[in-house]
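Below is one structure, written out as structure tokens; comments come after it.
The values are calculated or read from the model by the stated rules, or taken from the named source; none is laboratory data. These numbers come from a predicted model, not from an experiment. Ideal geometry is used to build each Cβ from the backbone, glycine not excepted, and the neighbour counts take in all protein chains shown. The area values use the complete protein model at the heavy-atom level, side chains included, leaving out ligands, DNA and RNA. Shrake-Rupley method; radii C 1.70, N 1.55, O 1.52, S 1.80 Å.
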Amino acid sequence: MLLSILIHPDSRLKKVCAPVDDLTDDLRLLADNMLQTMYEAPGIGLAAPQVGVLSRLIVLDCIKEEGAAPHPMAMFNPEVLAVSDETNVYDEGCLSIPEQYAEVTRPAEVEVAWIDRDGKAQKQVFDKLWATCVQHEIDHLDGKLFIDYLRPLKRQMITRKMQKLKRELARG
Ligand code: NI
């Protein structure tokens with residue numbers, strides 16, 4: 001099932017999300033629907049607050065090569081354990097901030113622990129686009145957007161564009 005994605009500014013995108021204590025079938029279904037919604041958008045990552053659910057769940061798949069096998073991941077309670085001193089710059093976007101992109105500097109490598117959809121504890125080091133994406137999505141769980149890394153003027157400009165877009169969407 002496709003879910004509707006909240007557009008910034010929305011107070012639900014600014015909240016700190018609650019940990020998942022009990023991995024229910026409802027939450028597994030939510031993860032599956034989030035993946036479907038992400039692929040359809042299309043995007044490479046999506047966090048539960050973006051579909052209005054304030055729980056610590058993210059999904060991602062950063063395989064972009066044409067014809068390559070997909071690698072869908074769902075992470076419950078993802079947590080950054082360690083980051084590299086070395087940094088990377090990517091032109092980031094966000095499904096909640098459509099068609100706006102800006103360069104963000106983040107650690108180039110990041111070690112993340114999470115609970116997978118079978119309830120098993122997982123741990124992995126990510127690099128390149130995966131590292132940026134997983135950090136971007138985990139930020140969402142703490143109410144942080146990529147535009148929060150930008151200069152205030154640039155952030156305000158993007159926010160005004162999104163307010164205008166939301167007015168247009170509301171008019172239909
Ligand atoms: Ni995002």
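Is it the case that segment 69-76 has a residue that's under 13 Å from the mean Cα position of the chain (by Cα), at pLDDT 95 or above, over 17 Å from H136 (Cβ atoms) and more than 14 Å from the ligand (Cβ to nearest atom)?
Here is the first cut: in segment 69-76, the residues under 13 Å from the mean Cα position of the chain (by Cα) are 73-76.
From the residues that got through so far, the ones that are at pLDDT 95 or above too are 73-76.
Next, only the ones that are over 17 Å from H136 (Cβ atoms) stay: 76.
Next cut, more than 14 Å from the ligand (Cβ to nearest atom) only: 76.
Yes, that holds for at least one residue.
Counting only residues that are charged (D, E, K, R), assigned to a helix (DSSP H, G or I) and within 12 Å of the ligand (Cβ to nearest atom), which one in segment 135-156 is nearest to A48 (Cα to Cα)?
Filtering segment 135-156 down to residues charged (D, E, K, R) leaves 137, 139, 142, 144, 148, 151, 154-155.
Next, from what is left, pick out any that are assigned to a helix (DSSP H, G or I): 137, 139, 148, 154-155.
When the remaining residues are screened for being within 12 Å of the ligand (Cβ to nearest atom), the result is 137, 139, 148.
Details: E137: 9, D139: 12, D148: 19 Å.
Among residues in segment 135-156 that are charged (D, E, K, R), assigned to a helix (DSSP H, G or I) and within 12 Å of the ligand (Cβ to nearest atom), the one nearest to A48 (Cα to Cα) is E137.
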Name the single residue, out of those in segment 79-102 being open to solvent by 70 Å² or more (accessible area, probe 1.4 Å) and of a type in the set (D, E), that is farthest from the ligand (Cβ to nearest atom). D85
Counted residues in segment 130-172 being within 13 Å of the chain's Cα centre (by Cα) and not β-branched (V, I, T) come to 14
Check V53, V20 and return the single one that is part of a loop (DSSP other than H, G, I, E, B) and touching a residue at least 40 places away in the same chain (Cβ under 8 Å). V20
Regarding segment 109-121, can at least one residue be identified that is in contact with an Asp or Glu (Cβ under 9 Å, 6 or more places away or on another chain), exposed (fewer than 13 other Cβ atoms within 10 Å of the Cβ) and within 25 Å of L13 (Cβ to Cβ)? no
Counting only residues that are under 18 Å from V112 (Cα atoms) and of a type in the set (D, E), segment 39-64 contains a total of 1
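When you look at I63, is it open to solvent by 20 Å² or more (accessible area, probe 1.4 Å) and in contact with a His (Cβ under 9 Å, 6 or more places away or on another chain), yes or no? Spell out the reasoning first.
Working: open to solvent by 20 Å² or more (accessible area, probe 1.4 Å): yes; in contact with a His (Cβ under 9 Å, 6 or more places away or on another chain): yes.
Yes; evaluated as a whole, the condition is true for this residue.
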List pairs: first in segment 63-78 and part of a loop (DSSP other than H, G, I, E, B), second open to solvent by less than 40 Å² (accessible area, probe 1.4 Å), Cβ under 6 Å, 6+ apart or cross-chain? P70/D61; H71/D61; P72/L35; P72/D61
One residue from T159, T132 being more than 12 Å from the ligand (Cβ to nearest atom), in contact (Cβ under 8 Å) with a residue 12 or more places away in the chain and either open to solvent by less than 60 Å² (accessible area, probe 1.4 Å) or more than 17 Å from V51 (Cα to Cα) (or both): T159
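Take segment 23-50 and flag every residue that is part of a loop (DSSP other than H, G, I, E, B) and either away from the ligand (no atom under 15 Å from the Cβ) or touching a residue at least 40 places away in the same chain (Cβ under 8 Å) (or both). I'd like the intermediate steps shown before the answer.
Applying the first criterion (part of a loop (DSSP other than H, G, I, E, B)) to segment 23-50 yields 23-24, 41-44.
L23, T24, A41, G43, I44, listed by residue number.
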